[in-house]
Every structure is written in C-alpha cells, then in structure tokens.
1. Being modelled with pLDDT of 80 or more, surrounded by 13 or more Cβ atoms within 10 Å (Cβ to Cβ), in contact with a His (Cβ under 7 Å, 6 or more places away or on another chain) and farther than 23 Å from ASP115 by Cβ: is that true of PHE47 here?
2. Anything in the range 51-86 that is more than 18 Å from TYR17 (Cα to Cα), buried (at least 16 other Cβ atoms within 10 Å of the Cβ) and among the aromatic types (Phe, Trp, Tyr)? List them, or say none.
3. So GLY117 passes all but one of these: (1) part of a strand (DSSP E or B); (2) at pLDDT below 75. Which condition number does it fail?
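The values are calculated or read from the model by the stated rules, or taken from the named source; none is laboratory data. The structure presented is a predicted model; accordingly, all values stated were derived computationally and were not measured. Note that each Cβ is placed from the backbone with ideal geometry, even for glycine, and that neighbours are counted across all protein chains shown.
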Amino acid sequence: MKRTIKFRVWSRTRNKYVENDCEFGPHYINQIWDCDDDFVFEQYTGFTDMNNREIYDGDIIFMIDGDVRANVLVIWTSLGWYVKTPNGNNALIWHDLYEHFEVIGNINENPHLLDDGRKSSD
C-alpha cells in the first residue's frame, strides 16, 4: 500500500503557514528550503477526519469515544501517530473506532483549544 508523503510548513518568524512548493522525495528531504530553526515541518498522517479534512502532526482534534469528549493533539512517536489526551496519556490513532473525530485547529494557531477541551457535545 502506497501512502502519500506530504508536509505543511509553519514559519516561526512569520507566525503563519507558508506555501511549500518543494518536491519531496528520498533525495530531497534533507535539502528542503535550506532548513533552519524558523521552519516547523508537520507531516500528513495519512488519515482524514469525519469531514474528509487531512490530519497533520500538530493538529488539534475534537474526539468523542464513548463518554469521553476531549480536544486532543496529534503527535508522532517512534511507534506511530498518536493523540495526546487531556490526562497526558497517548493513544494510537484509530479514527474509525471513534464516534466523532474532527480537526478543529492546530497547535500553532489555536493552542488555547487544548486548555480545557470540550466536555460536552455541541
């Protein structure tokens, strides 16, 4: 199975996502934009949310799983894609198992969404 490898790029100095027109391939990945500490590369997970929106590293997702309703952060670990739950635990992303899985923001533009999380459905 072939998975699409894509990134979005956050600029710390511009405080916004910037267009990324580089070709990503095995020979180019270490030469992207003469990388420095300004750019944060966030990889596409290969998953989409309930609205068919692509999910990237650093996205904040509103998740419902049984009685649990929370805003969670998508992160990469050496074992794969996880969500960081409000209690600090990590859970593998198996979005087809959740009742509701929706991208509501990202850690760069909307960090306040992780403060309390949503405790009840809207």
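1. Working: modelled with pLDDT of 80 or more: yes; surrounded by 13 or more Cβ atoms within 10 Å (Cβ to Cβ): yes; in contact with a His (Cβ under 7 Å, 6 or more places away or on another chain): yes; farther than 23 Å from ASP115 by Cβ: yes.
The answer is yes for PHE47.
2. Across the range 51-86, the qualifying residues are PHE62, TRP81, TYR82.
3. Condition not satisfied by GLY117: (1).
Residue-by-condition table, conditions (1) at pLDDT below 75; (2) in a loop (DSSP other than H, G, I, E, B); (3) of a type in the set (Phe, Trp, Tyr):
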position	(1), (2), (3)
ILE61	no, no, no
LEU73	no, no, no
TRP81	no, no, yes
ASP96	yes, no, no
ASN108	no, yes, no
